[in-house]
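Student: This is the structure I have questions about; it appears just below.
The values are calculated or read from the model by the stated rules, or taken from the named source; none is laboratory data. Every value quoted in this text rests on a predicted model; they were computed, and no experiment measured them. Quick reminder, even Gly has a Cβ in these numbers, built from the backbone with ideal geometry, and neighbours come from all protein chains shown.
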Amino acid sequence: MQIHEPKKSRKSKLSFLTSIWIVPVVALLISLWFAYQYFAQLGPEIKILFSQNSGLQANQSYVKYRDVPVGVVKDISLDKESDKVVVTVRMNKEAEPFLNERTKFWIVKPEVGSGGISGLDTLLSGTYISMYAVKRDGHEVKKVYEGLDRPYIDRNNDKGYRYHLSAPDSRNLHIGSPVYYRKIKVGEIEDIQLADDGMKVNFDVFIKHPYTDYISKETKFWLMSNISFTFNHSGFNLDLAPMSHILNGGITFDTPPRIVHEKEQGISCIFFLYKDKLAMQKKRIGLGKKHQHHYFMLVDEPIAKLDVGAPVEFFGFQVGSVVAMHSDFDNSVKKIISTIEVLIDTSAFADRNDKAQQDTTQFFENAVRKGLRAKISQSDPITGSQYVELVYEGKEGQRQIEKQGNREIVPTVRSNDADIARKVSMILDKVNELDVEGLLTSVKKAVDDNSKQSVKILKEFAVTAKNFRKISSDPALKTAPAKVAAILEEMQKSLDGINGLLQANGNKSALSREITIALHELTKASQSIERLTTKLEKKPNALIFGDK
C-alpha cells in the first residue's frame, strides 16, 4: 500500500516567512522613525570658550534660556592654543534662530559675596550655562562663542541713562549694587573698572527714567551708611539700615534745589563718589570737573598722619584733595623729602565774574605769585590727622609755580607746629643760659639773713597762742578784759617785729608778701578781740546771758 504525503503549498511557506520577519521589520521601521525624529529635532553643535570651568558636568549640565533648557553640555576640554576651557554643547533645534552674533553665554553657580547669595537654584539643579539672545530668522548659525565671566545685563529695552562715577577705591561695592534716590531704588551699578592710571576706580551706573530728571551737574553721589546716629536736644536716634542694604551696599544721590538747573543726560561728565554723607556735605568752592588740575608739593616735615584723600583747604573751604605721596632721603640736605600730589580746583581762586572762563589755572598761578603757599596743618589735635592748607604767608612776587618736567611744583611754608617747636627750643636755650646756681645762692642768702628775725616772730606768735588758750579756759570771766588787754599788748609787739622785717627786705621778699597777708588776718582778729573786750568791760556776764 502506498502512502502519499500531502504536498506543502507555496502559500503556507510564504505565510511562515511573513510571520517570522514582520516583527523585526516593524521594529526597524519604528527605530528609523524615532531616529529621524531625534535627528530632526537635534540642533547644531556649538563651542563656548570660558576662562575656567565652574562646576559644569558633561551630559548633565544644561544651557538655559529664560529658565528653559535649550541644550546640554556634551564635552569639556582644554584648548591648547588659547589655554581656555572649551565647552561643547548640543543645542535644540528650536534654539537655532537665537544663535547669532548677539548671543551671550555665562556660567551660573552658587556664590556668597558682599552682594549677598546668588545662584541658589543651582544647589538642586546643578551649575548651568545661562544664555542671552535676540531671535533672528534666516541667518547663518554661529558655532563658536566667547563666554562671559559675569552675567550680561541688557539695557536696550530699558529707558534711562548711564553715568560715570569715580572714587579713590571700590568703596566695597560690586556689580549689581543698587542706586537709591530718597530710599527708592532707581538703578544699579553695571561695571567697575580700575582707571588707566591706576589711581582711582571708575563706576558705570544705570539710572532709569523718570529718575534721570533729578540728576544735573550739581548732583552729589555718596555711599549709603549702614548705621546713622544723631543727637540733639530731644534725645538721640540710632538708625540701622535694612539687612538688604547691609548685604548689597548701595549708592544714593541728591541734587541741591535750584530754580533752574541743567539736566545731565548720560556720561558727558564724571561725578565723584563720596565715602559718606558727611564728606559730601563738607563746604567746597569751585566748579570742579574740568577745572581740577594736578600739582605737586615738596616738604621736609613729617607726614605720617597725612593720608591719601585728605582735603586741601583754602580759608576753611575744601578746594582739592591729596591723591598720592612718597618720600625719599636727600643726602644733600640730610633730610627726608616728601613729594605730595594734590588735585586742586583752580576755579576756586577765580573772581566770581571770571569763573565762566574755560582755563582757570591762570588764577591759581596768579594767587601763588601774590604769596599763596601750601603747608601741612593738623586738623585734629587728639588723633594728629593732617591736611594740606593753602595760605597767604609768602611775599608777593617772591616765588611762583615751578615746572620740573611734567610736574608743576607749588611753593610751601613750614607749618605752625614747626614754628612752635622752634620757639620752645629758643625758650629752652634761654633757660639753659640762666645762672641757676647764682640764683639759688642769692635765695639762700636772703633766707639766712632773715632767719633770726623770723625765729623771733615765731616765738612771739607762740606766746600769743598760749595766752589765748588761757583766756578761753579761765572760768573767771570777770578778769577776761585784763587778760585780753595783755594779749593785745603781746600782739602789738609781734606786729612791730613783723613791720621791721618787712622794712628790711621790701617788696622783693617773698616772705614779706606771705607775712603781709598773715598780718591782715591778725589785724582783723585783734579788732574782733578788742570789741569783745569792750563788751566784757561793760557787761561781764554777756558771754553767758547774751547781749540783751
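Student: Which residue pairs have Cβ atoms under 6 Å apart, sit 6 or more places apart or on different chains, and have a first residue in region 302-326 that is within 22 Å of F364 (Cβ to Cβ) and a second that is exposed (fewer than 14 other Cβ atoms within 10 Å of the Cβ) and charged (D, E, K, R)?
Tutor: Listed pairs, sorted by first residue: F317/K283; Q318/K282.
Student: Quick one: would you say D204 is assigned by TED's automatic domain parsing to the domain that holds L173 and either modelled with pLDDT under 60 or more than 21 Å from R182 (Cβ to Cβ) (or both)?
Tutor: Against the criterion (assigned by TED's automatic domain parsing to the domain that holds L173 and either modelled with pLDDT under 60 or more than 21 Å from R182 (Cβ to Cβ) (or both)), D204 qualifies.
Student: List the number of the failed condition for N92; all other conditions in (1) on the phi < 0 side of the Ramachandran plot; (2) out of contact with any helix residue (DSSP H, G or I) (no Cβ under 8 Å at 6 or more places or on another chain) hold.
Tutor: The single condition N92 does not satisfy is (2).
Student: Looking at region 296-347, which of the residues that are of a type in the set (K, R) and assigned to a loop (DSSP other than H, G, I, E, B) is nearest to D197 (Cα to Cα)?
Tutor: Looking at the filtered set, the residue picked out is K305.
Student: On the given criteria, is Q292 out of contact with any helix residue (DSSP H, G or I) (no Cβ under 7 Å at 6 or more places or on another chain) and either acidic (D, E) or touching a residue at least 12 places away in the same chain (Cβ under 8 Å) (or both)?
Tutor: Answer is yes for this residue.
Student: Which one of these does H294 not meet: (1) closer than 21 Å to R171 by Cα; (2) of a type outside the set (G, A, S); (3) surrounded by fewer than 16 Cβ atoms within 10 Å (Cβ to Cβ)?
Tutor: H294 satisfies all of (1) closer than 21 Å to R171 by Cα; (2) of a type outside the set (G, A, S); (3) surrounded by fewer than 16 Cβ atoms within 10 Å (Cβ to Cβ) except (1).
Student: Need the failing condition index for G394 against (1) in contact with a Lys or Arg (Cβ under 8 Å, 6 or more places away or on another chain); (2) surrounded by fewer than 12 Cβ atoms within 10 Å (Cβ to Cβ), just the number.
Tutor: (2)
Student: Kindly establish whether I337 is of a type outside the set (S, T, Y) and more than 14 Å from Y295 (Cβ to Cβ).
Tutor: So I337 passes the test.
Student: Output the residues belonging to region 273-283 that are in contact (Cβ under 8 Å) with a residue 40 or more places away in the chain and not in a loop (DSSP other than H, G, I, E, B).
Tutor: L273, Y274, K277, A279, M280
Student: Mind checking whether some residue in region 138-147 is surrounded by 14 or more Cβ atoms within 10 Å (Cβ to Cβ) and in a loop (DSSP other than H, G, I, E, B)?
Tutor: Checked against the condition, which is being surrounded by 14 or more Cβ atoms within 10 Å (Cβ to Cβ) and in a loop (DSSP other than H, G, I, E, B), region 138-147 yields at least one hit.
Conditions tested, residue by residue: (1) at pLDDT below 70; (2) within 30 Å of T88 (Cβ to Cβ); (3) in contact with a strand residue (DSSP E or B) (Cβ under 9 Å, 6 or more places away or on another chain).
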site	(1), (2), (3)
K8	yes, no, no
K11	yes, no, no
T18	yes, no, no
L29	no, no, no
A35	no, yes, no
F39	no, yes, no
P44	no, yes, yes
